[in-house]
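Read the structure below first, then the notes.
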Amino acid sequence: MLRKLLAAFTILLFVVSCADEIDPNQRKVFRISQKDVAKIQLRHLDAVNALRTASGLNPVELSSQLTAAAKTHAIDISRQNRPWHFGSDGSNPLERVARTGYAGQMVSENISETFENDQETLQAWMRDPVTRAGIMHPNARYLGFSWNQEPVGKIWWVQLFGS
């Protein structure tokens, strides 16, 4: 099983990312254009499923409703300028998912504030026991994944899993 997990991480390292650029402070900035949205979401789905199947778990499918909830929250936490699980209206992840009409149960929500791309963010989530547990939750069947990028390049990532 460890070999499968290592193989999955190797896949993550070789995934081709979108164009990077250097900002005036020499920070590597991952820029996302509108044409990259579907590519990034599918790449993220493939990477999550490689990790899940390497551990003997079922793959997940993209959910437009969970993705809508993720997008709404990414915009909101960007405007609040703090990565946390509560909306500016006091909503929690369960409430935001329910607002989209999602019929399943929300399993987990992972968030990140970073300049890193989606694959680097997924790797960071996998290193943390709490966010890793959400990604590897055995009841997860669906994935919502979105982000909001500020003009300076900072990205607010939100990943949701549902049953």
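The table below lists the values:
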read-out: Odd one out for residue 89, checked against (1) over 15 Å from the mean Cα position of the chain (by Cα); (2) buried (at least 19 other Cβ atoms within 10 Å of the Cβ); value: (2)
read-out: Region 38-70, residues that are surrounded by fewer than 17 Cβ atoms within 10 Å (Cβ to Cβ) and within 22 Å of residue 114 (Cβ to Cβ); value: 38, 39, 42, 45, 46, 62
read-out: Segments classed as strands (runs of 3 or more DSSP E), wholly inside region 49-163, with at least 3 members that are among the aliphatic types (A, V, I, L, M); value: 106-114, 155-162
read-out: Residue list for region 94-143, filter: acidic (Asp, Glu), touching a Gly at 6+ places or on another chain (Cβ under 9 Å) and surrounded by fewer than 21 Cβ atoms within 10 Å (Cβ to Cβ); value: 95
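Any read-out appearing in this document is the output of simple, stated calculations on the displayed coordinates, not a laboratory observation. Not measured: the values here are computed from a predicted model. Glycine also receives a Cβ, built like all others from the backbone with ideal geometry; neighbour counts cover every protein chain displayed.
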